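Written below as structure tokens is the structure these notes are about.
We did not get these values from a lab; they are worked out from the coordinates using the rules stated. Treat the numbers as computed from the prediction; the structure is a model and nothing was measured. Quick reminder, even Gly has a Cβ in these numbers, built from the backbone with ideal geometry, and neighbours come from all protein chains shown.
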Amino acid sequence: MQYTANTLEHHWMPFTANRDFKESPRLITKGEGVYLWDHKGNKLLDGSSGLFCSAAGHGRREIAEAVYAQLQTLDYTAPFGMGQPASFELARRIAALTPDEINHVFFVNSGSEAVDTALKISMAYHRARGEGQRTRFISRERAYHGVNIGGVSLSGMVKNRETFSGVMPNVVCMRHTWLEENAFTKGQPAHGAELAEDLQRFVDTYGGTTIAACFVEPIAGSTGALIPPKGYLERLREICDKNGILLVFDEVICGFGRLGTPFGAQAFGVDPDIMTMAKALTNGAQPMGAVAVKDEIYETVVNAAPEGAIEFFHGYTYSGHPAACAAGLATQDIYENEKLFDRAADLSDYFLDAVFALQDLEIVTDIRGLGLMAGIDVKPGRVPGLRGTEIQKRLFWNGLHIKFTGDSAIVAPPLVTERSQIDEMSAILRATLEEFRD
Ligand SMILES: Cc1ncc(COP(=O)(O)O)c(C=O)c1O
């Protein structure tokens, strides 16, 4: 196959500068362990686990074999009114990882679908308990909750919403938690717990009984890894409890060991009512997401419907797809057998030291990090975001894949990364960032 602009033209690529890409394609044709290979045979270190998916590394045979075996036995069956065993087993495995009271799992096919499903579960729950007037949702500036209409409505990133003004009404954003005085803080920053009072202000302005749920990412990932200030999530929890508001953690990036714990909830010691997850659930090997809810939410919705009736009018043709469940189960086995969440916790200091060592570079304006996740901000160029895109491309040709959003790099290596590979990553990062001077 020839990789020319002609042969690439028909695919309208997502979140991509299509014209630029097709001029100079960057195609990945192979992945193994923490490495990727492009179509020219160049080897790259994967510093962002693909897109925060490949926690156990690429090319895991156990997952491929489980999917193959599943497809040979049962490739597909309708998920409405009937089912297949693997989804029940995977739900049980997920429930064993979530906080104690969160034991019910609804399957979807992506993080975006998980977020839209969580919105609908929140509405269904309040309606079932006679509080259908709770129609308002709270989100946060700089939030990323996917690209479906619900997730875009909750989004706090301007480029993701300015074209799409006709989204859900009744969503208001709290301020984001990036503060100048926290610059270059490793772990949770000391300042900013008071930003949670924005939720209290919305309660005071709109009335707590009109608010259905407050959505936050434990760490705001896609905007550049904003770690919540100490006491911030705890205060959100308090305000939610006092006002009957559901607290939803969007764990799509933080879930499955990224922070050295199963989920962000455990890393920060705050239990939400609902959790969304995707990505590393299947190690990225099959598209899958899930929403896990507290027993009380499941029981309230289910018990409100007449006996024998469908309780929640929601679901996807591919909810709990057999191949995705097989991938999910094989992935959970790997996490458990190789103790990868503990491994991430053990590796965290070494990783963060390596990333924070870049702070002497002239172009670096802030670094944040926790677990195996870090954000690096660079000085914007002529137009915000342009330099980030340039650096991402240069890193690619220098042998490192790192996801950028605007002028922020989001570093999140696979949990199986070796120390020597972290050294390799930081050496390429340093050399590449040094190419960009003001
Ligand atoms: C916190 C969060 N929520 C939702 C999503 C959307 O997930 P997907 O791209 O699988 O739809 C993402 C993707 O990065 C995410 O980071």
Checklist entry - How much FRET efficiency would the formula 1/(1 + (r/R0)^6) give for Asn337 and Gln133, where r is the Cβ-Cβ distance and R0 is 60 Å, rounded to 0.05? => result 0.80
Item to check | the range 222-249-the range 37-84 distance, computed between alpha-carbon centres (Å) | outcome: 32
Checklist entry - Dipole of the chain (Lys/Arg Cβ +1, Asp/Glu Cβ -1, origin at the Cα centre): which of Asn283, Ile391, Pro189 lies farthest to the positive side? => result Ile391
Checklist entry - So which lysines pass the test for Lys339, namely a Cα distance under 21 Å, with those fewer than 8 places away in the same chain ruled out? => result Lys279
Checklist entry - If one computes the Cα centroid of the range 179-215 and of the range 87-106, what distance in Å separates the two points? => result 29
Checklist entry - So what J values fall out for the range 81-86 if you push phi through Karplus, 6.51 cos²θ - 1.76 cosθ + 1.60 with θ = phi - 60°, rounded to Hz, Gly and Pro as x? => result x, 8, x, 9, x, 4
Item to check | Where labels lie 7 Å past Cα in the beta-carbon direction, separation of Phe164 and Phe184 in nm | outcome: 3.8
Next on the checklist: Can you list residues from other chains, or at least 5 along the same chain, whose modelled amide H is less than 5 Å from the amide H of Cys173?
Outcome noted: Ser139
Checklist outcome for this item: The computed P(r) of the range 64-337 puts the percent of Cα pairs beyond 34 Å at 17
Checklist outcome for this item: Share of Cα-Cα pairs in the range 29-186 beyond 28 Å, whole percent, is 46
